[in-house]
Each structure stands twice: as C-alpha cells, then as structure tokens.
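The block underneath contains the structure these notes are about, expressed in structure tokens.
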Amino acid sequence: MGKNSIYKDARLLSKYISITIIGILFLLFLLITIVGLIFVGINIKPVNADSNEQVIVEVNPNTTTEMLSHQLADKKIIRNVTIFKYYLKLNNISSFQAGEYKFSPSMSPREIAKSLESGKVYLKTAIQFDVKEGSNLELIAGIIEENTSISREAFLKKMRDLDYIKKFQKKYPDMLTDEVLNKNLRYPLEGYFAPSTYQFSKSDVSIDDITNEMLKETYNSTYKIYKDNGGFKFTSNYEEKKITFPEYLTLTSMVELEMKKMTDKSRYVSMLINRIENNPQIALNSDATVRYATKKEPNESISEEDYKDNSKYNTYVNKGLPSGPISNVSDETARTTINPPKTEYYYYTKSKSGKILFAETLKEQEKNREK
C-alpha cells in the first residue's frame, strides 16, 4: 500500500471523526434546546390554573426583582424564581408601585407582570415612614408619632412593658432571648428595630402592627447576617470564642454611632474586642454610650459630669460592654463587623483633620494625638 493511499485513508478517517463530533454536538445542542424550551414552557404556566385562592403580597418601595421573585415563589404564586426574574427583565419591569397586591396561583407570569407594571394594587400604602441607621427607640417613637395616631409616650410605654415584650419572644425566640429582659436595659427592644422604609396599608395602624413589622425586618436583616455567619466569632488566646446576638447587637450599635468609614468600623470593633478580652482593665470609653446614658443629642457637647454618670450604659465608668444596644444598625455595618480583623489595637484618636488613627501602645497613641 502506497503512502498516498495511507494519507488518503487518514484524511477520510479524520473527516469522518470531525463530522461525527459535529453531529453529536449538534444533537446535544438540539437536546438542550428542547429540554430548555420544555422547562421554560412549564414554568411560565400558572402554578394551578384551577385555583380560586387569593393571596395578598406586600411590595415595599425598596423591594427588588430578586426579593419579589422569592416572595412570590414562597407564597406558591410562581413556579420558578429564575424564570420569573428573566421574564421581568426581558419586559423591562424593574420598579413596582408600592402597596398590597392580590395574586392567585391561577395567574401566569405574564398576568402577574402586567399587574405589577400597571401598579394595580389591592391596597395602596396609607402610612409610610423611614427609620435611619443609628436611630434609638426614643427617636423612632417620635417618627411614629409624626406619621401615625400613636403618641410617642404610648409607644414607649409598651416598649417598657416586659409582658408585652414576652409576647414577641415567643415569635422570635432565637433573636429575642431572655437577655432582653435584663432589668438594667432602658428598653428591651432597643436596637431591634432595623433601619428601613416601613409601609402600612391601613391608616389605623397599631403598636402591634409596627412592632411586628420592625422585628420582622430586623430578623431578616441584622439577625440573618449574624445567623448566616454562624454567630460573631473571634480568637482570644488561641481559642475561638463566640458572643450572643444581644451582645453582638450591643457591640455593633457602638460601632454604628462611633465610626463612619467601613475600614474604621472593622478596626474599631477589633479594638473593642482586644480591650474586652485581653486588657479588661481598660474601659471602652465610647462617647456614644455616654450620650445614650445621659440622653444627649449627637450635636450636644458632653460635660465632665456626663462622663461620670453612673448609668450601666456609660462605658467610661463601667468596664466591658454597656447594658445593651444603644441604636439600630445598618446591614453594611453588620456585615463589616461580623468578622473582625485580627489586630493589636487598643487605642484610637482623631487627628486634627478628623482622620481616625489607631494605635497598639500608649506611646504610639501619644504620637497620634499630636497629628
């Protein structure tokens, strides 16, 4: 057999293999396309075309497509989160009229999207107010009074009622542990009303309605961050330690009020842990706790007498953490502080330009004070 014949056979074999591979790839592509079309076809159908059930779904101003898709899937209104998200995206639907919508498992994604796009709400928002990060309960009570028929004092009275608090402990036992019943706390639920835009469809909203909604928001934000991380963990003397959620919320609320930049927040929480664990004779010396103890506004100056106030919240007089949280916290702060970096910081000061300078020793701290 000549060389030309061998080369010819090799080329034919190579051609045959190439055609076979292309054919297989084409068949695979065709199969994937068919399966994909079947999958999409199934998931754009109603969950139950014969259903007469009506389900109320609340949509807030800050509700994203991701959040809404999961909400509808959880309530068995849509079949598939991903398919519904892409359906909305393909139809350029990304913002929704706030309010309460009435949906049914018998509705198709197209009908649901049309309702969202037109803003066809079942009940429109009657009351809406914003709670910002770093807000304490007394500030929140004032916001509630301004936007509802509930007086500031009536709200705060409920917030001091331990029997009232215990009712919510049953609903959120993991988040609201018995630590919230500490007699040294000014308000058991201080810090547990997360920053958000709160909406209610009825104008005669009750204290129960507001408390329920705010605790739910905290459970799905601050507490979720803590829980998903497996708690707040740190290493001390080569041993991993963990603090409870109320302790974490207390620590993080101090960070929220003391520091503005994220990098400073993570270093500051590391510094606080170092003082508590490795050098407990050093007080935490948080001005924010003094303001809370003496009910001073952020723009009010702190006097020498204020620093000596014997409140359990005052971290200049008492060692370790204050009695409890002193404000709510943002998700950003919660995520930044949940895994503190390992540092040797024990001190900090502000430079003349306002920059936060951390130090490992008193000598370094003195030098920073001159900057």
Residues of the range 153-167 classified as free of Cβ contacts under 8 Å to residues at least 40 places away in the same chain and either among the β-branched types (Val, Ile, Thr) or surrounded by fewer than 16 Cβ atoms within 10 Å (Cβ to Cβ) (or both), total: 9
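Keeping to the range 70-125, report how many residues are assigned to a helix (DSSP H, G or I) and either open to solvent by less than 20 Å² (accessible area, probe 1.4 Å) or of a type in the set (Asp, Glu) (or both). Let's see the steps before the verdict.
So in the range 70-125, the residues assigned to a helix (DSSP H, G or I) come out as 70-74, 81-90, 109-118.
Right, trim to either open to solvent by less than 20 Å² (accessible area, probe 1.4 Å) or of a type in the set (Asp, Glu) (or both) and you get 72, 74, 84, 88, 109, 111-113, 115-117.
Adding up the residues that qualify gives 11.
Name the residue that is most open to solvent (accessible area, probe 1.4 Å), counting only residues in the range 173-199 that are among the hydroxyl-bearing types (Ser, Thr, Tyr) and more than 22 Å from Gln97 (Cα to Cα). Let's see the steps before the verdict.
Filtering the range 173-199 for residues among the hydroxyl-bearing types (Ser, Thr, Tyr) gives 177, 187, 192, 196-198.
In the following step, the residues that additionally are more than 22 Å from Gln97 (Cα to Cα) were identified as 177, 187, 192.
Values: Thr177: 39, Tyr187: 9, Tyr192: 3 Å².
Step by step, filter the range 173-199, then rank; the result is Thr177.
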All-but-one check, Ile38 against (1) touching a helix residue (DSSP H, G or I) at 6+ places or on another chain (Cβ under 8 Å); (2) at pLDDT 65 or above, failing number (1)
Please verify whether Val255 is open to solvent by less than 30 Å² (accessible area, probe 1.4 Å), within 23 Å of Leu185 (Cα to Cα) and in contact with an Asp or Glu (Cβ under 7 Å, 6 or more places away or on another chain), treating the condition exactly as stated. no
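Quick one: which helices (runs of 4 or more DSSP H) lie wholly within the range 287-371 and hold at least 1 residues that are open to solvent by less than 40 Å² (accessible area, probe 1.4 Å) and charged (D, E, K, R)? Working first, answer last.
Details: elements: 287-294, 304-307, 331-337, 362-369.
Because the criterion is at least 1 residues that are open to solvent by less than 40 Å² (accessible area, probe 1.4 Å) and charged (D, E, K, R), the helices (runs of 4 or more DSSP H) in the range 287-371 that meet it are 304-307.
Can you work out which of the residues in the range 126-147 that are of a type in the set (S, T, N, Q) and open to solvent by 50 Å² or more (accessible area, probe 1.4 Å) is modelled with the lowest pLDDT?
Going residue by residue through the range 126-147, those that are of a type in the set (S, T, N, Q) are 128, 135-136, 147.
With the extra rule that they be open to solvent by 50 Å² or more (accessible area, probe 1.4 Å), the set shrinks to 128, 147.
Details: Gln128: 89, Asn147: 95.
Filtering first and then ranking leaves Gln128.
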Out of the range 200-215, which residues are open to solvent by less than 10 Å² (accessible area, probe 1.4 Å) and under 15 Å from Ile143 (Cβ atoms)? Val205, Ile210, Thr211, Met214
Given the options Tyr187, Tyr192, name the one that is modelled with pLDDT of 95 or more, aromatic (Phe, Trp, Tyr) and touching a Ser or Thr at 6+ places or on another chain (Cβ under 9 Å). Tyr192
Answer yes or no as to whether Lys170 is in contact (Cβ under 8 Å) with a residue 40 or more places away in the chain, closer than 28 Å to Ile210 by Cβ and surrounded by fewer than 18 Cβ atoms within 10 Å (Cβ to Cβ). no
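The values are calculated or read from the model by the stated rules, or taken from the named source; none is laboratory data. All values derive from a computational prediction rather than experimental measurement. Here Cβ is always computed from backbone atoms with ideal geometry, including for glycine, and neighbour counts include all displayed protein chains. The protein model used for the area step is the full one, side chains on, heavy atoms only, and it has no ligands, DNA or RNA in it. Shrake-Rupley method; radii C 1.70, N 1.55, O 1.52, S 1.80 Å.
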